[in-house]
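The values are calculated or read from the model by the stated rules, or taken from the named source; none is laboratory data. Owing to the predicted nature of the structure, the values given are computational and were not obtained by experimental measurement. Every residue, glycine as well, gets a Cβ built from its backbone with ideal geometry; the counts of neighbours run over all protein chains shown. When the accessible area is computed, the model is the full protein with side chains, heavy atoms only, and any ligands, DNA or RNA have been set aside. Shrake-Rupley method; radii C 1.70, N 1.55, O 1.52, S 1.80 Å.
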Amino acid sequence: MTRSGNIYCVGRNYQLHAEELGNKVPEEPMLFAKPPASLMNAEREKTIDLPGNRGAVHVETELVVRLKQSWAASDSLADAIDGVAVGIDWTLREVQQRLKEAGHPWLKAKGFKGGALLGPMHPFSETAWQQTSFGLRRNGRLQQAGSPEQMVFPLARLLDEVEDWFGTSAGDLLYTGTPAGVGPVEDGDQVELLFQEQVDCRFTVRKRT
């Protein structure tokens, strides 16, 4: 996998996830970004290194779409998107909380090296998008599961918002939000990403110090 273009992310796009962290459901898409250098290929790596000295690392499993051209130049979702994958928005939760309390940006909590995990790409189907299922199993137990039909803001609205504020181009990735069930991972955890109820890839978590 070559380095992506921009990596855009959406916070609190599943109601139950917003509620589990004690947050209000936003009235408009909550956008943030990760540096392209934070991207890690889950399909290729069998062991995923994560920070072991920066507090809890939470897993946030998401559907990720890849643009083949700008949203502004597209007539439909199928015209704009050439792939969909399961990814993880890794979050240094304690770091994020400290930054939020200080009124500072979240970049260190979200954009650290390896902070954007991406599984194998699958062809994008506009007709099948709403029913696309995804999830994550940790140590054999289903921890997260969701589909776009549960999103607060639909995909086209998310792309409208990203395009309006930042612009889009070929190679950009959009992490579309995580369902309920986020939580910390530990050294040695066995993780499986699920796409359409099938195992997409497996890896072991290693907490580095």
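Tell me the residue from Val162, Val185 that is surrounded by 15 or more Cβ atoms within 10 Å (Cβ to Cβ), among the β-branched types (Val, Ile, Thr), touching a residue at least 40 places away in the same chain (Cβ under 8 Å) and within 13 Å of Leu136 (Cβ to Cβ), please.
Answer to the selection: Val185.
Could you count how many residues in region 106-122 are part of a helix (DSSP H, G or I), open to solvent by 60 Å² or more (accessible area, probe 1.4 Å) and either under 17 Å from Glu62 (Cα atoms) or not hydrophobic (A, V, I, L, M, F, W, C) (or both)?
Of the residues in that region, 1 qualify.
Report, by residue number, each residue of region 123-137 that is of a type outside the set (S, T, N, Q) and either open to solvent by 50 Å² or more (accessible area, probe 1.4 Å) or not in a strand (DSSP E or B) (or both).
Pro123, Phe124, Glu126, Ala128, Trp129, Arg137
Starting from residues that are among the acidic types (Asp, Glu) and open to solvent by 40 Å² or more (accessible area, probe 1.4 Å), keep the ones in region 39-94 and report whichever is farthest from Arg137 (Cα to Cα).
Residue satisfying both the conditions and the ranking: Asp75.
I need the strands (runs of 3 or more DSSP E) fully contained in region 153-209, keeping only those with at least 3 residues that are over 15 Å from Val84 (Cα atoms).
190-195, 198-208
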